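Asker: One structure is given below, represented as structure tokens, and several questions about it will come after.
What follows is calculated from the coordinates using simple rules that are stated; it is not laboratory data. Remember, it's a predicted structure, so these values are computed and weren't measured experimentally. Please note: Cβ atoms are built from the backbone with ideal geometry, for glycine as well, and neighbour counts cover all protein chains shown.
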């Protein structure tokens, strides 16, 4: 899964230059209507009851982790648009993108819809 340049640089600094990386105590999953890229960007959903959801992950094995519980967004109180991608960030608002990816299928979210990543469905891989 792609990482942001922010996180690429933090990993390289920590692994090769002995520069400490302030590991986030929690991570949040955000939804996007326009995909982020290594520099950040993208168009995160806003309004309509949307908020990022905190996620927890299993201990890595073979360069991969997956979510330990459902990641369930609030019921949309208005249309959110077409969700195409997601990102894992280090803060519930603002913050830095760590990883990002594209959904296997875009999803149009209308009022009263709800999005969920079931247990184990969101997998982050290295390499």
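Asker: Mind pulling the angle between the C-alpha long axis of helix 5-17 and the longest principal axis of the chain? Nearest 10 degrees, somewhere in 0 to 90.
Answerer: That helix lies at roughly 20 degrees to the long axis.
Asker: In deg cm²/dmol, rounded to 500, what helix-only [θ] at 222 nm does the chain give when every DSSP H run of at least 4 residues adds -39500 (n - 2.57) and the total is split over its residues?
Answerer: Helix contribution divided over all residues of the chain: -3000 deg cm²/dmol.
Asker: May I ask you to compute the full-extension gain from residue 13 to residue 69, defined as 0.36 nm times their residue separation minus their alpha-carbon distance, rounded to one decimal in nm?
Answerer: So the extension gain works out to 17.0 nm.
Asker: Another one. Of 71, 108, 88, how do they rank once you tally other Cβ atoms within 10 Å and put the fewest first?
Answerer: Starting with the residue having the fewest Cβ neighbours, the order is 108, 71, 88.
Asker: Also, quick follow-up: Per residue, how much space in cubic angstrom lies within the convex hull of the C-alpha atoms of the stretch 1-120?
Answerer: Given the Cα convex hull of the stretch 1-120, per-residue volume reads 105 Å³.
Asker: Which order results if 57, 7 are arranged by neighbouring Cβ count within 10 Å, fewest first?
Answerer: In order of increasing Cβ crowding within 10 Å: 57, 7.
Asker: By counting other Cβ atoms within 10 Å of each Cβ, how are 16, 51 ranked from fewest to most?
Answerer: 16, 51
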